[in-house]
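*Asks:* Quick one: this structure, given as structure tokens, is what I'll be asking you about.
The values are calculated or read from the model by the stated rules, or taken from the named source; none is laboratory data. Worth saying up front: this structure is predicted, and the values here are computed from it rather than measured. Cβ: placed from backbone, ideal geometry, glycine included. Neighbour counts: every protein chain shown. Heads up: the accessible areas ignore ligands, DNA and RNA and are worked out on the full protein's heavy atoms, side chains in. Shrake-Rupley method; radii C 1.70, N 1.55, O 1.52, S 1.80 Å.
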Amino acid sequence: SQTIHQWPATLVQPVGSPLSLECTVEGTSNPNLYWYRQAAGRGLQLLFYSVGIGQISSEVPQNLSASRPQDRQFILSSKKLLLSDSGFYLCAWSLYRTRYEQYFGPGTRLTVT
Amino acid sequence: DQQVKQNSPSLSVQEGRISILNCDYTNSMFDYFLWYKKYPAEGPTFLISISSIKDKNEDGRFTVFLNKSAKHLSLHIVPSQPGDSAVYFCAASAWLGNKLVFGAGTILRVKS
């Protein structure tokens, strides 16, 4: 069966510091991968998605970036965090070349102070 | 531009009664719809989906209804249980798209 891992679970970072969140998927090959953010009291905002190694589509202009160095690894990064980057970050995967269900990881709670 | 709208921020229902969560969409290209359930500090979990070729899909206590002419879908939970208390997100996908568009969510509280 497929599983998705995210770490860390919680993170407190000062403004201006870098960020690296990692997501890995097990039990499937060539998945579509997604990064979402849920701000307090808001819905899920799609940040990036990837349909293959090195292929990243950005949905929202911001100071975040994403990379996919391996088939089942997806990384969310920032060089300098802003206060507005605080939120709950979720990684998700779906089967390649489908629009079907996305399956989410446990999330990372990021607080920028 | 909110393409998927959940106009009720919250809903409170008595245990054993029916919960009805609503969702409206504006993009006529959407042809696949999903409902997710989310507990605090956890990732959303997939509940049920429906293709635009259907108007109803049922899975246990959960039924999703789709009214394409009204661009409206609803999730019925019968009977509601305290463990159903969570945030429910509606999501939609367009043909040939890799993405889901999510609504803002509705907080469901089931009182025992």
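*Asks:* Averaged across B:100-108, how many Cβ atoms of other chains sit within 10 Å of each residue's Cβ atom?
*Replies:* Per residue, the number of nearby Cβ atoms from other chains is 4 on average.
*Asks:* Another question about this same structure. Between A:66, A:40, A:92, which gets the highest mean-square fluctuation from a Gaussian network model of chain A, Cα cutoff 10 Å?
*Replies:* Sorting by GNM fluctuation, first place goes to A:40.
*Asks:* Largest first, how would B:76, A:5 line up by accessible area (1.4 Å probe)?
*Replies:* A:5, B:76
*Asks:* Considering the alpha-carbon set of the protein assembly as shown alone, what are its Rg and its Dmax in angstrom?
*Replies:* Reported Rg and Dmax, both Å: 17.6, 50.
*Asks:* Quick one: 3J(HN,Hα) in Hz for the range B:63-80, Karplus 6.51/-1.76/1.60 with θ = phi - 60°, rounded, Gly and Pro as x.
*Replies:* Working through the residues one at a time gives 9, 10, 10, 10, 10, 5, 5, 8, 6, 9, 9, 9, 10, 10, 10, 9, x, 6 Hz.
*Asks:* What is the spin-label model distance, in nm, from residue A:17 to residue A:55 if the labels are put 7 Å beyond Cα along the C-beta direction?
*Replies:* Using points 7 Å along Cα→Cβ, the separation is 3.6 nm.
*Asks:* Then there's this: Using the alpha-carbon centroid of each, what span in Å lies between the range A:29-44 and the range A:54-113?
*Replies:* Cα centroid of the range A:29-44 versus Cα centroid of the range A:54-113: 6 Å apart.
*Asks:* What residue among B:60, B:16, B:43 has the largest mean-square fluctuation in a Gaussian network model of chain B, using Cα springs under 10 Å?
*Replies:* Result for chain B, Cα springs under 10 Å: B:60 fluctuates most.
*Asks:* On average, how many beta carbons from a partner chain sit within 10 Å of the beta carbon of a residue in B:34-41?
*Replies:* 3
*Asks:* Could you bin all the Cα-Cα distances of the range A:3-112 into 5 Å bins starting at 0 and give me the percent of pairs in each, rounded to whole numbers?
*Replies:* So the P(r) values, bin by bin, are 2, 13, 25, 27, 19, 10, 4, 1.
*Asks:* Using the beta-carbon distance between residue A:73 and residue A:29 and R0 = 22 Å, what value does 1/(1 + (r/R0)^6) give for FRET efficiency, to the nearest 0.05?
*Replies:* 0.95
*Asks:* Could you compute the FRET efficiency for residue B:18 and residue A:1, with r as their C-beta to C-beta distance and R0 at 30 Å, rounded to 0.05?
*Replies:* 0.40
*Asks:* Using Cα springs under 10 Å in a Gaussian network model of chain A, which residue among A:57, A:86, A:17 shows the largest mean-square fluctuation?
*Replies:* Maximum among the listed residues: A:17.
*Asks:* Residue A:111 accessible area, nearest 10 Å², 1.4 Å probe?
*Replies:* 60 Å²
*Asks:* What aspartates and glutamates could a cross-link reach from residue B:68, if we take a straight Cα to Cα line under 15 Å and drop same-chain neighbours fewer than 8 places away?
*Replies:* Candidates past the 8-residue exclusion: B:24, B:31, B:55.
*Asks:* OK, next. I'm a student and want to see the number: the projected area of the Cα convex hull of chain B, averaged over all directions, in nm².
*Replies:* The Cα convex hull of chain B, projected and averaged over all directions, gives 6.9 nm².
*Asks:* Could you report the accessible area of residue A:83 in Å², rounded to 10, computed with a 1.4 Å probe on the protein chains as they sit in the structure?
*Replies:* Looks like 110 Å² after rounding.
*Asks:* Looking at the range A:22-54, which residues lose a minimum of 50 Å² of accessible area between their chain alone and all protein chains in place, measuring with a 1.4 Å probe and not counting ligands or nucleic acids?
*Replies:* A:44
*Asks:* A follow-up question, please. List the aspartates and glutamates whose alpha-carbon lies under 18 Å from that of residue B:111, not counting same-chain residues fewer than 8 positions away?
*Replies:* Filter leaves B:15, B:84.
*Asks:* Let me ask another. Obtain the nm distance between the two label points defined at residue A:111 and residue B:69 by a simple spin-label model: each point lies 7 Å from its Cα along the Cα-to-C-beta direction.
*Replies:* Computed distance between label sites residue A:111 and residue B:69 equals 5.2 nm.
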